[in-house]
Amino acid sequence: MNPTRNRSSLIYLLLIVAIVSMVVYNFRQQSTGQESLTINELSAAIQRGEVERIIEDEDRLEVVYRGGEKRSLSHKESSATLVEQLKELGVTTEQLNPEVIKLEIKPPSAWLNVATILGYILPFAFLAIVFWFVFRQAQGSNNAAMSFGKSRARMFTGDQPSVTFLDVAGVEEAKEELQEVVEFLREPEKFISLGARIPKGVLLVGPPGTGKTLLAKAVSGEAGVPFFSISGSEFVEMFVGVGASRVRDLFDQAKRHSPCIVFVDEIDAVGRQRGAGLGGSHDEREQTLNQMLVEMDGFDTDTNVIIMAATNRPDILDPALLRPGRFDRRVVLDRPDMRGREAILKVHTKGKPLDPVVDLGVLARSTPGFVGADLENMVNEGAILAARRNKKVIGQSELEEAIERVIAGPERKSRLISEEEKRIVAYHEAGHAVVMNALTEADPVHKVSIIARGMAGGYTLTLPEEDRTLMGRKKMISDMVGLLGGRAAEAIVFDDITSGAANDLERVTHVARTMVTRLGMSSQLGPMVYGQKEELIFLGREISEQRDYSEAVAEEIDEEVRRLVSDAYERAVQILNEHRQFLDAVAQRLLEVETISREEFESIFPPPVPKNNGTPMPVAA
């Protein structure tokens, strides 16, 4: 049973008993409070023959008159003493004869005695219990306040590891780097005997969702040692000094449980570069960081405590945190390649009922740019779709549709549009598909649909055959031409343009300006970078661009960007005019079936030239 509930019930019971006892006590006090009859008045009443009997009831005397009236006597002694006093006042023996006045003595009531005692004791006892309870609560609050500076790290013992390296896929190089940490925690003497110093800190760097936290747990599971997990934001509070106190407490716990691993997730919340805060240089966050720097540097080589931290913004961390002796190693977890994605899919589909025809290799090729979290979400979405369709296994169609849900959002089939708008969307998406299919460097068209997804009225999904880390100038220009295919189709077919190409124009402009100012891909301006990005470390984002070029160069940049975009648009118009029959055929098919797969699209418009491998351009709407 709940001890708190039992304690509350006991207090309520004592309260009820105390109230009842006080009521009984007050009632008796009220009954004894009418002592208006004196000994002289009683003597006179007896001599007049008005008294019928006298009753001695515990500590009080009650006089009963012949008419039935009862009055209490202010007399606290026994009936024998009363008789002697009455005789001294002139009352004769005949007048006190039992035949004239009956003298009754009632035996004392045990219950009334107990009630009287409780009436005196329980109120004080109840007050004592109430004060004890209040002070106990205050003491608990005080303990909570005293523990405010304690570390909130969650400790996981290494006896029964829940995550090992077998549960982490797609980051083989990172696992090899961390295997040395595992060996040191298992056999530290092997390294110490050779004079080797294991890295004190390991910084896991990578985009969100690449498995940094999971990999840290896997290291703990492989080593079989305690694992302390805490977020960087849990150190900092509004009270000055609390963060530093929590850091000290965390490291004290780690030393007591060594060998162990301390993992600080999102360390950029507390490890940002000092002196860049909006509130000055002496704030709570910087005090916390200073304490962390001291504690990390204070570890001896025999403590066997490894500090691991994860962040996706290593550029804003304080340099003192990254120097050798603190975070010695930086393990990069990049987006997985096709083989890594296939391995991750095997991990996430393990134990799930898959259709035997499901090809994880095809799914891996269809998900360029996906990280582990995206792939896990995709598999979960596929399972939800299969359950919604009352299937017993997860099929290939559910997983492929889940990819599109992750990329572009769920379908919005209930969205009502007019036939004219539907025709415009069909030609817009057909323009994207035809232009991309006609370009050598563009990625193959995977699917075309006029069903609204997310904020897009339709989409054209292009996927590369293989992963690429470098982007060529021809490939970027081909992407620009493909993005402008929708606007060009609208102008050719309807002799009008709509707002449906807003996102396409934004992306095209960004690509063109990046080519000119950041990548040196302009023949007119040469291989130079124009403008320096200014970043506020505290905010962690770019706030402006420092211009290091003249107004004349700015005009040349604008002109070059305009020329690149104009050339791409003219090229899109040219391609659509050359393949107008395919444009009409694809658009008409979209109006009939709403979605066209790659096989059906290429049966309508076979690729004129073989495709090169490219990087993903998931959605062009």
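The values are calculated or read from the model by the stated rules, or taken from the named source; none is laboratory data. This one's a predicted model, so the numbers in the text were calculated from it and none came from an experiment. Neighbour counts are summed over all protein chains in view; Cβ atoms, including those assigned to glycine, are modelled from backbone coordinates with ideal geometry. Heavy atoms of the whole protein, side chains included, go into the accessibility calculation; ligands, DNA and RNA do not. Shrake-Rupley method; radii C 1.70, N 1.55, O 1.52, S 1.80 Å.
Among the residues making up segment 444-489, those that are within 20 Å of residue 580 (Cα to Cα) and in contact with a Gly (Cβ under 7 Å, 6 or more places away or on another chain) are 449, 450, 485, 486, 488, 489. Counting the residues of segment 245-270 that are open to solvent by 10 Å² or more (accessible area, probe 1.4 Å) and in a helix (DSSP H, G or I) gives 9. Scanning segment 185-210 for residues that are touching a Leu at 6+ places or on another chain (Cβ under 9 Å) and either loosely packed, with under 15 Cβ neighbours inside 10 Å or under 15 Å from residue 309 (Cβ atoms) (or both) turns up 201, 202, 203, 204, 205, 206, 207, 210. The residues of segment 366-390 that are of a type in the set (S, T, N, Q) and either modelled with pLDDT of 90 or more or farther than 18 Å from residue 169 by Cβ (or both), listed by number, are 377, 380, 390.
Is it the case that segment 454-469 has a residue that's over 25 Å from residue 337 (Cβ atoms), in contact (Cβ under 8 Å) with a residue 24 or more places away in the chain and loosely packed, with under 14 Cβ neighbours inside 10 Å? Yes, there is a match, as at least one residue in segment 454-469 is over 25 Å from residue 337 (Cβ atoms), in contact (Cβ under 8 Å) with a residue 24 or more places away in the chain and loosely packed, with under 14 Cβ neighbours inside 10 Å. Scan segment 507-543 for residues that are under 33 Å from the mean Cα position of the chain (by Cα) and either open to solvent by less than 60 Å² (accessible area, probe 1.4 Å) or at pLDDT 90 or above (or both) and the total you get is 4.
For every residue, the table says whether it meets (1) within 15 Å of residue 38 (Cβ to Cβ); (2) modelled with pLDDT of 70 or more.
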position: 57; (1), (2): no, no
position: 71; (1), (2): yes, yes
position: 74; (1), (2): yes, no
position: 86; (1), (2): yes, yes
position: 102; (1), (2): no, no
position: 106; (1), (2): no, no
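Checking the stated criteria, residue 357 turns out to be among the β-branched types (Val, Ile, Thr) and surrounded by fewer than 17 Cβ atoms within 10 Å (Cβ to Cβ). Summed over segment 579-599, the residues that are touching a residue at least 40 places away in the same chain (Cβ under 8 Å) and more than 22 Å from residue 421 (Cβ to Cβ) give a count of 4. Just one of 376, 342 is of a type in the set (Asp, Glu), farther than 18 Å from residue 213 by Cα and out of contact with any Lys or Arg (no Cβ under 8 Å at 6 or more places or on another chain); which is it? From the options 376, 342, the qualifying one is 342. Residues that are part of a helix (DSSP H, G or I) and within 23 Å of residue 321 (Cβ to Cβ) were ranked within segment 182-213; the one that is modelled with the lowest pLDDT is 185.
Helices (runs of 4 or more DSSP H) fully within segment 353-469 that include at least 3 residues being within 26 Å of residue 495 (Cα to Cα): 419-438.
Of the residues making up segment 283-305, none is modelled with pLDDT under 90, polar (S, T, N, Q), in a loop (DSSP other than H, G, I, E, B) and in contact with an Asp or Glu (Cβ under 8 Å, 6 or more places away or on another chain).
Restricting attention to segment 470-484, the residues that are hydrophobic (A, V, I, L, M, F, W, C) and open to solvent by less than 10 Å² (accessible area, probe 1.4 Å) add up to 4.
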